[in-house]
1. Cβ-Cβ under 7 Å, sequence separation 6+ or interchain: first residue in region 692-711 and closer than 19 Å to residue 655 by Cα, partner acidic (Asp, Glu) and part of a strand (DSSP E or B). Which pairs?
2. Out of all the residues in region 315-323, is one or more hydroxyl-bearing (Ser, Thr, Tyr) and either out of contact with any strand residue (DSSP E or B) (no Cβ under 8 Å at 6 or more places or on another chain) or closer than 30 Å to residue 507 by Cβ (or both)?
3. Quick check on my filter: what residues within region 53-65 are closer than 20 Å to residue 31 by Cβ, in a loop (DSSP other than H, G, I, E, B) and either of a type in the set (Val, Ile, Thr) or in contact with a strand residue (DSSP E or B) (Cβ under 9 Å, 6 or more places away or on another chain) (or both)?
4. Can you pull out every residue in region 165-195 that is over 17 Å from the mean Cα position of the chain (by Cα) and surrounded by fewer than 21 Cβ atoms within 10 Å (Cβ to Cβ)?
5. Residues being charged (D, E, K, R), in contact with a helix residue (DSSP H, G or I) (Cβ under 9 Å, 6 or more places away or on another chain) and part of a helix (DSSP H, G or I): count how many of those fall in region 228-283.
6. Return yes when residue 134 is under 16 Å from residue 60 (Cα atoms), surrounded by 20 or more Cβ atoms within 10 Å (Cβ to Cβ) and either in contact (Cβ under 8 Å) with a residue 60 or more places away in the chain or in contact with a Cys (Cβ under 8 Å, 6 or more places away or on another chain) (or both) and no when it is not.
7. With respect to residue 554, determine if the residue is surrounded by 21 or more Cβ atoms within 10 Å (Cβ to Cβ) and touching an Asp or Glu at 6+ places or on another chain (Cβ under 9 Å).
8. So which pairs qualify, if the first residue must be in region 383-403 and over 19 Å from residue 228 (Cβ atoms), the second must be small (Gly, Ala, Ser) and outside any loop (DSSP other than H, G, I, E, B), the Cβ gap must be under 6 Å, and the two must be at least 6 apart or on different chains?
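The values are calculated or read from the model by the stated rules, or taken from the named source; none is laboratory data. On a predicted model such as this, the values are computed, not experimentally measured, just so you know. Here the Cβ is made from the backbone with ideal geometry for all residues, glycine too, and neighbour counts use every protein chain on show.
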Amino acid sequence: MVMKKTVIVLLGILVSIAGIANPQAFAQPKATFKFINNSGIPNDKVFLWVISGKASHTGNTYLDSSTWTLQTKTSPVTSMTFSLGDLESTDGIQFNAPAIDSGRIYFSYQSDFDALTFDCVEGEPACTSNDHLIYDKIEICTYTDNMNINTTNVDFWSIPFTFGVTDKNPPNSYVTYGWQTDIPDIRDTIFSQFSNVPDMATQTCSNSVIYRENLVQTSGGTTWRVVAPDKVGTEWGDHLGYFSAFWNDYIINKCWVPNREFEFTDENAQTYYGSVDGAGEVLTVTGTAFATYSRPAWETYPSPWPDPNLNANYGHVLFGGTGEFAAGASAPVICRAILRGVMDTDGTVWNNPDYYYQGDNSPDSPVLHYGKILHQYGIDHKVYAISYDDDHSPAIYFNEGEIITITLLPFAGGGAVTPTPPGTTPVPPVTTPTPPGTTPVPPVTTPTPPGTTPVPPVTTPTPPGTTPVPPVTTPTPRIPPWITDFNGDGTSDIAIFRGSSGLWAIRKITRVYFGGTTDVPVPGDYNGDGTTEIGIFRATSGLWAIRSNTRAYFGSGSDLPEPGDYDGDGTAGIGIFRSASGLWAIRGVTRIYFGGSADSPAPGYYYGDTRKDIGIFRESSGLWAIRDVTRVYFGSTGDDTVPGDYNGDGAWDCGIFLSSSGLWAIRDVTRQYFGSSSDSPVPGNYEGTGKDDIGIFRESSGLWDIQGITRVYYGGTGDMPVTR
C-alpha cells in the first residue's frame, strides 16, 4: 500500500531518538498552514501542538511558536503549544512551517493538552477512555521532496475538519480531503451511527456491539472520540480479543474454504488467481505476483488473547500491521476484501463499493462498522480509516511554498461541549437550538381561502367573420407537488430508508447516509427547486435535519412529523400533528387544533390547488375530515389510508388499503385488489402522467410491484419505503 512505511512510523512502532543536533538547520520555511475556524470555538480556545517524529530526520522535536524553529521537546506540554488566537494577523490565521519529517499537528478545543496525562517528551496522547479532551490530529511532512498532508483515522476520530492544497501530481488540481461539509451536525451524526450499531445477542467475537464500546464517553453523556479497533488498549479487557477474532467464522466458513478457486483484480486492474488447499489452511496466489497466506483465523480462541501489534494477533494482521499480510502486491487486496466483507464473493465485485459492508452482522457475515461509518462521511468517501481498508493514497503531496488550508467545521453534537474538563471554561455551541421537548409557537398567518377566482389572461379578440385557429400545443403533464422526485424528472422514485445504518437508497439515482435508528424519514422539496430533499425528524429532541438545506428544532417526542406545502409557496414546510391535543403546528404558517387522540393525520391536496390541506382519518367511524374542504365517511377499523390523485384531475381522493385482503378502495374512482397482508402500500406518480399509480412494497423480499408499470426488487427486511 502507498504510504505503508510512513504508516508504520506514524503509528509509533519506532526507536527513540532524543533530538536533532542542529535544529536551526531546518529553520527555512517550507510551507504555510492557514486555518479557517468555523467551529464556533473561539480562536484562543483552539490549541495547537506541532511535533516531529522521534525516529525521523528532524528528531524528537516540537515547533516553537516564538522562533518558528524546531526545538527539543520539553515539559510541561503547555510550554510547547500555542492557540489560533496567537496566530491572528492581517494575513489571517496561519504559520510558516520549517522542514518537519513525520510530523503531526495536534489540535484541541476548550482546554490545552495539560488536561491529558501522558509523557509529552517521549510520548503522545493515547486516546484512551481517560483522555477527557476534545482533540484530533493531522499528519504532515514538509521535509525534502515528499511534502504531504494526510488524515489519521487509523488511530481515532473526534473533530470534523477539512484540509486542501494544490496537488503536485498531474493534473495539479486543488484537492480537499476530510469530512463532508453539507451535514451541519456531522459529528453528532457519526457518533449516533456508532451508538446505533446493531448487535446480535448470541454472538461472541463477531458481535458488532463492540463498535459501540469504542466510543470514549463519560457517565454524563459526553462523547470525546471513537477509537480505531486495533488501537483499543488493555483497559477494554476482552474487547481487544473480540476484534482479534472478529472475522474468524467468516474467514473459515466462507473465504479459506477447502479447494476454493477464484479470480480477482486490484484497483489497478491487475489480475490474480487464488486457490485454497484441501485442508482450508493455505491460500496460494498466482498471476501478477506469487504469494502464500496462512488462514488468519483460529480453530480455537486463544486464552489469553495475543497482545496487539503481534504477528499472532489476527485482528491486527488484517488491519494492516504485521505477519504474512504486511508485504506483497496481493496482501492489501486480500485484506481489504476481508475487511469490506467481499472476499467470499466473485472477485469481479471486490472493487465495487456497492458490495462493501453488506453483511448481516452474523458470525460469518460481520460488518466492519468503523471503516463503514467513517467512509460514509468522508469527502468522496475517501478517509484514512484503517490501513488496509483504503485503496487510495490518504495523502495530498504538494510542492515547497504551498499554502495548506485547514478548515475546522462547525462543532456540534455528541454532548461534547458539556461537561468540560476540570478547570476550563465551557464554550457554548455555535447556535442555540430550541430546547428539546418544546414546540416553538410560530406566527399565525391566514392562508388564501379556497374558492379564490383566478384572473384570466388578457387575449386579443378574433376579428369578425374569421375562424379562430387554435394554437397547436402539446400538453405538459402536471407535476404534482406531493411526489418524491429526487432528480427532478417529474416522476416518483423507488427509494428506501434503512434506519439501522441511516442509508437512503434512491434507485438509479444515489445512495447516501443520513440519519439513524430513531429517526423518521421526512423527504420533501424544502427549497422549492422541484426536487425532493432527504430529511429526518428526530422525535427525542424535535430535530428536523434536511440534508444540504436546514436544521431546526420543532416538535417533541409525542409528535408526528407532517411536512408539506401548507401555504402554497412551492416549498415544503416543517409541521407536526400532536394527537393528544389535536394540535397542528406548521412552522411559520399556522397553529390550529383539528382532530384528537383517536385520529390519524391525513393531510393532502384535496382541493386541487398547490396548498396542502390539514385533515384527519378517524378509524373507529371511517370519518375523513379535511379542513375547509370536505367531511365524508369512507373506510373502517384496520384500514391504511392511501389518499391521492388516482384519476389525474389534480385533486386528492380519499382512499384506503386493506392489507388483509389486498383491497384498494379509492372513493368515486376505483375498487380493486392488489397486494396482500405482508405488503405496504406505495402509491405514486411513477410514470410522470400526473396521476397516482397503485403499488406495493413487500419488505420480506424487497419487491416493488407498481400495477401495470414495473416489478423490481429493491431493499429488504427493515427498510422503509419513502415515496410520499
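1. 695/705; 696/679; 696/705; 697/679; 706/693; 707/693
2. Yes: one or more hits.
3. The answer is 53, 56, 58, 59, 65.
4. 166, 167, 168, 169, 170, 171, 172, 173, 174, 175, 176 - these are the residues of region 165-195 that are over 17 Å from the mean Cα position of the chain (by Cα) and surrounded by fewer than 21 Cβ atoms within 10 Å (Cβ to Cβ).
5. 1
6. For residue 134, the condition - under 16 Å from residue 60 (Cα atoms), surrounded by 20 or more Cβ atoms within 10 Å (Cβ to Cβ) and either in contact (Cβ under 8 Å) with a residue 60 or more places away in the chain or in contact with a Cys (Cβ under 8 Å, 6 or more places away or on another chain) (or both) - is not met.
7. no
8. Short answer, once both residue conditions are applied: 402/31.
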